[in-house]
Amino acid sequence: MKKSDILVICLVIILLAPFFIFNSVYDAYSTFNANNPLIMAFIKFAILATFGEMLGLRIKTGHYNQKGFGIAPRCVVWGFFGMWIAIGMGVFSRGIPMYLDQFSPFAGIVASMGGPLSVMKICGAFFISLMMNTSFAPVFMTAHKISDTHILNNGGKFSALLKPIPVKKIISSLNWEVQWGFVFKKTIPFFWIPAHTITFLLPQEMQVLFAALCSVVLGLFMSIASLKGKRS
């Protein structure tokens, strides 16, 4: 373990400890989160998802940052992605149960989603996760890969956010064997659908936070995908 790893662990503990030690800190967070869900989604993903990518970089290179990586622009992009994800989660978590409720096997599923753990609630959470990860997720993952490539192509500079993204050029250069064969085909059914099933079983105020924590894992997956792309 390097000194940088110890420093990162200590920093994480320092940042998280007040939420567990002081009730006032957690209460203030809960209140602000309830009143400003999209702002909090921006902050959560900007911090946690970027940290996940830094962990991925640590796996690939042994360092949490390097020239051209672009932590600052990644934070901004992840923040906006976080708002997009929060809205998507709201749409799917409300729309899928309402649709299923019209069919007799799932009658009452809307009410069950706000109640205690039950078979019906697990079914609802699974179908929400299934639909979100087979429609929204591939588009999001591709958009993330495009923005990530754009930042790298501009040397990690913050000015990359002000430049038009050459989507056609980037998307045609992506390694679709890895994007489909690993990112879509393996991580979606074996990690994201089960993980987001758990997400939608949680209280609503915890769902976006748990999703943001899962985005740390996304950074690790992207690291593995990058390594696979280099080998291929």
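Remarks
- Search result, residues across the range 1-46 that are open to solvent by 60 Å² or more (accessible area, probe 1.4 Å) and touching a residue at least 60 places away in the same chain (Cβ under 8 Å): LYS2, ALA34, PRO37
- Listed by first and then second residue, the pairs linking a residue in the range 126-147 that is over 13 Å from TRP192 (Cα atoms) to a residue that is not in a helix (DSSP H, G or I), with Cβ atoms under 9 Å apart and 6 or more places separating them unless they lie on different chains, are THR142/LEU174; LYS145/LEU174; ILE146/ILE165; ILE146/LEU174; SER147/ILE165.
- Selection from the range 56-70 of residues that are surrounded by fewer than 17 Cβ atoms within 10 Å (Cβ to Cβ) and assigned to a helix (DSSP H, G or I): ILE59, LYS60, THR61
- In the range 148-163, residue most open to solvent (accessible area, probe 1.4 Å) [restricted to those that are part of a helix (DSSP H, G or I) and among the small types (Gly, Ala, Ser)]: SER159
- Residue count, the range 92-147 (criterion: within 30 Å of PRO164 (Cα to Cα) and surrounded by fewer than 14 Cβ atoms within 10 Å (Cβ to Cβ)): 2
- Pairs linking a residue in the range 75-89 that is within 9 Å of ILE43 (Cα to Cα) to a residue that is basic (Lys, Arg), with Cβ atoms under 9 Å and 6 or more positions apart or on different chains, are GLY79/LYS44; GLY82/LYS44.
- Selection count where residues are open to solvent by 50 Å² or more (accessible area, probe 1.4 Å) and either without any contact (Cβ under 8 Å) to a residue 24 or more places away in the chain or not in a helix (DSSP H, G or I) (or both), scope the range 205-222: 2
- Scanning the range 71-82 for residues that are open to solvent by 40 Å² or more (accessible area, probe 1.4 Å) and small (Gly, Ala, Ser) yields a single hit, ALA72.
- Just so you know, in the range 170-188 the residues that are of a type in the set (A, V, I, L, M) and outside any loop (DSSP other than H, G, I, E, B) include one that is most open to solvent (accessible area, probe 1.4 Å), and it is ILE171.
The values are calculated or read from the model by the stated rules, or taken from the named source; none is laboratory data. Computed from a prediction, not measured in an experiment: that's the story for all the values here. As a convention, Cβ positions derive from the backbone with ideal geometry for all residues, glycine included, and neighbour counts pool all protein chains shown. Ligands, DNA and RNA are excluded from the accessible area calculation, which covers all protein heavy atoms including side chains. Shrake-Rupley method; radii C 1.70, N 1.55, O 1.52, S 1.80 Å.
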